[in-house]
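The block underneath contains the structure these notes are about, expressed in structure tokens.
The values are calculated or read from the model by the stated rules, or taken from the named source; none is laboratory data. Being a predicted model, the structure only gives us computed values, none of them experimental. Ideal geometry is used to build each Cβ from the backbone, glycine not excepted, and the neighbour counts take in all protein chains shown. When the accessible area is computed, the model is the full protein with side chains, heavy atoms only, and any ligands, DNA or RNA have been set aside. Shrake-Rupley method; radii C 1.70, N 1.55, O 1.52, S 1.80 Å.
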Amino acid sequence: MSSDLAQKMREIREVETSGRAEFAQLIGFNKKTVESIEQAGRAPKGEMLQAICQQWPKYTLWLMTGQTDETCGQVSPELEKARRTLKKTGTDTD
């Protein structure tokens with residue numbers, strides 16, 4: 001479970017920010033803490049998970065359960081990346 005949360009945190013960071021420094025700043029944590037969690041594959045503490053969910057609420061369900069519910073606006077980074085790609089190409093449905 002712990003490496004799963006670390007991987008999910010990394011996926012959010014890669015879609016939403018330019019790197020660890022920006023991600024850490026946006027959630028109010030030290031860059032080295034973010035780096036340590038990702039590299040060691042250990043679970044982020046509750047305070048960090050809360051900060052991530054507050055910054056990007058659309059990933060809360062996916063981060064905590066692995067599920068998505070697009071009708072409620074709950075997506076995964078993979079879905080968000082696909083949506084952004086479609087928007088850039090002009091083939092989105094919005």
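Report, ordered by the first and then the second residue, all pairs with beta carbons closer than 8 Å, sequence separation of six or more or different chains, a first member in the range 1-20 that is surrounded by fewer than 13 Cβ atoms within 10 Å (Cβ to Cβ), and a second member that is at pLDDT 95 or above and assigned to a helix (DSSP H, G or I).
That search, which allows pairs on different chains as well, returns Gly19/Arg13.
Please state which of the following conditions Asn30 fails to meet, knowing it meets all the rest: (1) open to solvent by less than 50 Å² (accessible area, probe 1.4 Å); (2) modelled with pLDDT of 95 or more.
(1)
Condition check ((1) of a type outside the set (Ser, Thr, Tyr); (2) closer than 28 Å to Thr71 by Cβ) across all residues:
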{"position": "Ala6", "(1), (2)": "yes, no"}
{"position": "Glu11", "(1), (2)": "yes, yes"}
{"position": "Ser18", "(1), (2)": "no, no"}
{"position": "Glu35", "(1), (2)": "yes, no"}
{"position": "Glu38", "(1), (2)": "yes, no"}
{"position": "Gly41", "(1), (2)": "yes, no"}
{"position": "Ile52", "(1), (2)": "yes, yes"}
{"position": "Lys58", "(1), (2)": "yes, yes"}
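What's the number of the condition Arg10 fails, among (1) modelled with pLDDT of 95 or more; (2) more than 19 Å from Arg84 (Cα to Cα)?
Arg10 satisfies every listed condition except (2).
Please go through the range 28-41 and give me each residue that is part of a helix (DSSP H, G or I) and not charged (D, E, K, R), ordered by number. So that I can check it myself, show each step before the final result.
To start, the set of residues in the range 28-41 that are part of a helix (DSSP H, G or I) comprises 31-40.
Thr33, Val34, Ser36, Ile37, Gln39, Ala40 - these are the residues of the range 28-41 that are part of a helix (DSSP H, G or I) and not charged (D, E, K, R).
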